[in-house]
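What follows is a short report on a single structure.
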Amino acid sequence: VQLQASGGGLVQPGGSLRLSCAASGISFSRNAMDWYRQAPGKQRELVGTITSGGSTNYIDTVKGRFTISRDNAKNTVYLQMNSLKPEDTAVYYCHVIKGWVDYWGQGTLVTVSS
């Protein structure tokens, strides 16, 4: 299983970014996919999940600002982040569970700063 995340960078407060995570080695359309993040000095936290059917859920701090979507034809999951705040600064990871094993992407850094 390989998860390749991309799209991070430096953005000003109020700006937007879209992260992508390309997956291989799994039956992508059958798997729920997650996005996590880890801010400096903090524990990794779940940002949100998209099920195989396309249902989504999010932590309260990103609801209404972040959107997870998936393109099963491209084996890719996305995290659209709008109205970014400095407290969104973190390394963002995509995640999947296959066969009771956790798999993580390499992480992509998002920095929200003026």
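Side notes on the structure shown:
- Measuring nothing but protein heavy atoms, the accessible surface of the chain at 1.4 Å probe radius is 47 percent carbon and sulfur.
- Averaged per residue, the chain has 53 square angstrom of accessible surface, using a 1.4 angstrom probe with ligands and nucleic acids left out.
- Candidates per trypsin sites (Lys or Arg not before Pro) in the stretch 1-107, loop by DSSP, up to 14 other Cβ within 10 Å: Lys42, Lys63, Lys74
- Counting only residues at least eight positions apart within a chain, or on another chain, the lysines with an alpha carbon under 29 Å from that of Lys98 are Lys42, Lys63, Lys74.
- Solvent-accessible surface ranking, highest first, for Thr56, Thr89 at 1.4 angstrom: Thr56, Thr89
- Of Ile59, Ile68, Ile50, the one that fluctuates the most in a GNM where the chain has Cα springs shorter than 10 Å: Ile59
The values are calculated or read from the model by the stated rules, or taken from the named source; none is laboratory data. Just so it is clear, the model here is predicted, and its values are computed rather than measured. Cβ atoms come from the backbone with ideal geometry, glycine included; neighbour counts cover every protein chain shown. The area values use the complete protein model at the heavy-atom level, side chains included, leaving out ligands, DNA and RNA. Shrake-Rupley method; radii C 1.70, N 1.55, O 1.52, S 1.80 Å.
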